Amino acid sequence: MENVYDLVIVGAGPAGLAAGLYGSRAKLNTLIIEKDKTGGQIVITHEVANYPGSVQNATGPSLIARMVEQSDEFGAKRIKDTIEDVSLEGDIKILKGQKDEYRAKSVIIASGASPRKIGCPGEKELTGKGVSYCATCDADFFEDFEVFVVGGGDSALEEAMYLTKFARKVTIVHRRQGLRCAKSIEEKARANEKIEWMLDTVIEEIKGDGILESVVFKNTITGETNEYFADEEDGTMGVFVFVGLVSQTDVFKGKVNMSDQGYIITDAEMQTNIPGVYAAGDCRDKSLRQVVTAAADGAIAAVNADKYVGEKFSEKA
Ligand code: NAP
């Protein structure tokens, strides 16, 4: 069949790249479509200490660079486009992008998740002007400044520790006493002298005229609020937000089964409710969202896509 890929993968994070590697290695004519930067969220992660076999001091970008090389080596094609509509029911799946239309015998959705916002007044207006979702990208703007890190999960604590290398003081702001992160990460953060804690606290408002100048905190137990102003000499401070993830699956809503939170439901073979359509990585409904589980999902999905294409179509395109 002309102009029909054996496999189209939506998303070039660890799940999509692993699927690209396994798909192209199985000699499927494979295309990976990415709307943004190759690598997904892991490229904004400073240190990756828990991907088995990764070299010491491995960073998100270094790990992704190697995954891209491997996927390219086996012949997976990569392009940049944003998918805006899909038709997945037929034998030939159609994905409509901003630039082009793509046809495929099988599809792997590896569209990932993105940082959740606090949702308070001022957050949007001051993003990039004091509010950030990426310590690796923005930490050096806050050399010797004061920063607040919002969240109590693995990301918040790990990124807070990274920020202590730059900021004068790092305060973790978390809405309850108990932390969600792994115990080992909590112990390291608790031992870090540059980290202070504001527990039972949320941010109600972020204020500033073109640059972040003050933050209104609210105690979740007493309901008391107080406005904290940046040191006069500094003129500003940082708020880094790590309050979890939201799935990036809008374009697939109503096309494949999803959980109430918008994560795609699959079986253990990464198969969705639509034959020939698989999901892998952070966009999938699952309990552990890590690089290692994303890569594993991608491999399983591609192996099953290969079986599906082999059984459904007599010869590969
Ligand atoms: P997460 O584990 O979902 O934690 C989100 C944190 O933000 C929680 O502490 C939550 O509070 C808080 N939160 C949620 N909504 C909030 C709001 N509106 N206002 C204030 N606080 C809010 O998210 P994550 O830390 O980004 O991690 C995502 C996934 O990646 C997890 O599976 C995590 O294990 C994984 N990860 C792993 C590593 C690692 O292993 N090294 C590193 C980074 C991320 P509550 O606790 O009260 O709900």
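Brief remarks on what is shown
- Positive-end ranking of Leu17, Val48, Cys120 along the dipole of the stretch 1-125, with charges on Cβ about the Cα centre, is headed by Val48.
- Cα long-axis angle, helix 154-163 against the chain (0 to 90 degrees, to the nearest 10): 60 degrees
- Kirkwood Rh in Å, taken over all unlike Cα pairs in the chain: 20.9 Å
- For the residue pairs Lys129/Lys218; Lys105/Lys255; Lys93/Lys286; Lys194/Lys218, alpha carbon separations beyond 19 Å are given by Lys129/Lys218; Lys93/Lys286; Lys194/Lys218.
- Cα centroid of the stretch 96-150 to Cα centroid of the stretch 14-52, whole Å: 18 Å
- 0 to 90° range, to nearest 10: angle between helix 60-73 axis and the chain longest Cα axis: 10 degrees
- Which of Gly276, Gly235, Ala189, positive extreme of dipole for the chain (C-beta unit charges): Gly276
- Difference of contour (0.36 nm per residue) and Cα-Cα distance, Asp234 to Gln56: 60.5 nm
- Each residue, Ser259 and Ser184, gets one label point 7 Å from its Cα in the Cβ direction; the gap between the two is 2.4 nm.
- Angle in degrees between helix 291-312 and the longest Cα principal axis of the chain, rounded to the nearest 10: 20 degrees
- Every Cα-Cα pair in the stretch 158-204 was counted, and those over 16 Å apart are 37% of them.
- The helix-only estimate of mean residue ellipticity at 222 nm for the chain, built from DSSP H runs of length n ≥ 4 each weighted as -39500 (n - 2.57), is -7000 deg cm²/dmol after division by the residue total.
- A straight Cα-to-Cα reach below 15 Å connects Lys117 with the aspartates and glutamates Glu125, Glu204, Glu205, residues fewer than 8 places away in its own chain not being considered.
- Beta bridges by DSSP in the stretch 1-109, antiparallel share as percent, to the nearest 5: 35 percent
- Only the Cβ atoms of Lys and Arg (+1) and of Asp and Glu (-1) were treated as charged; on that basis the dipole of the stretch 131-241 about its Cα centre amounts to roughly 680 debye.
- Placing +1 on the Cβ of every Lys and Arg and -1 on the Cβ of every Asp and Glu, with nothing else charged, gives the chain a dipole about its Cα centre of roughly 1140 debye.
- When the residues Val55, Val10 are ordered by accessible surface, computed with a 1.4 Å probe over the protein chains alone, the sequence from largest down reads Val55, Val10.
- Per-residue extension of 0.36 nm, minus the Cα-Cα distance of Glu205 and Lys80, leaves a gain of 41.4 nm for this segment.
- Cut-off under 5 Å, modelled amide H: who pairs with Val246 long-range: Ser114, Arg116
- At full extension, Asp100 and Glu196 could sit 29.5 nm farther apart than now, given 0.36 nm per residue minus the alpha carbon distance.
- Dividing the Cα radius of gyration of the stretch 131-241 by its Kirkwood radius returns 0.95 for Rg/Rh.
- Cα-projected label distance for Glu224 with Cys137, points at 7 Å along beta-carbon direction, nm: 3.6 nm
- Leading residue at positive end of dipole, the chain (Cβ point charges), from Phe252, Ala301, Val86: Ala301
- All aspartates and glutamates inside 13 Å of Lys307 as judged from Cα atoms, apart from same-chain residues fewer than 8 positions distant: Asp6, Glu269, Glu315
- Lys, Arg +1 and Asp, Glu -1 on Cβ, resulting dipole of the stretch 196-317 about Cα centre, debye, nearest 20: 1200 debye
- Tensor-based shape of the stretch 1-124 (alpha-carbon gyration tensor, a/c under 1.5 rounded, otherwise prolate or oblate): oblate
- Cα extents of the stretch 180-262 along the three principal axes, largest first (Å): 54, 38, 28
The values are calculated or read from the model by the stated rules, or taken from the named source; none is laboratory data. The shown structure was predicted, so the numbers you read here are calculated from the model rather than taken from an experiment. In this analysis, Cβ positions are derived from the backbone assuming ideal geometry, glycine residues included, and neighbour counts consider all displayed protein chains. Just the protein is used for accessible areas: all its heavy atoms, side chains included, with ligands, DNA and RNA removed. Shrake-Rupley method; radii C 1.70, N 1.55, O 1.52, S 1.80 Å.
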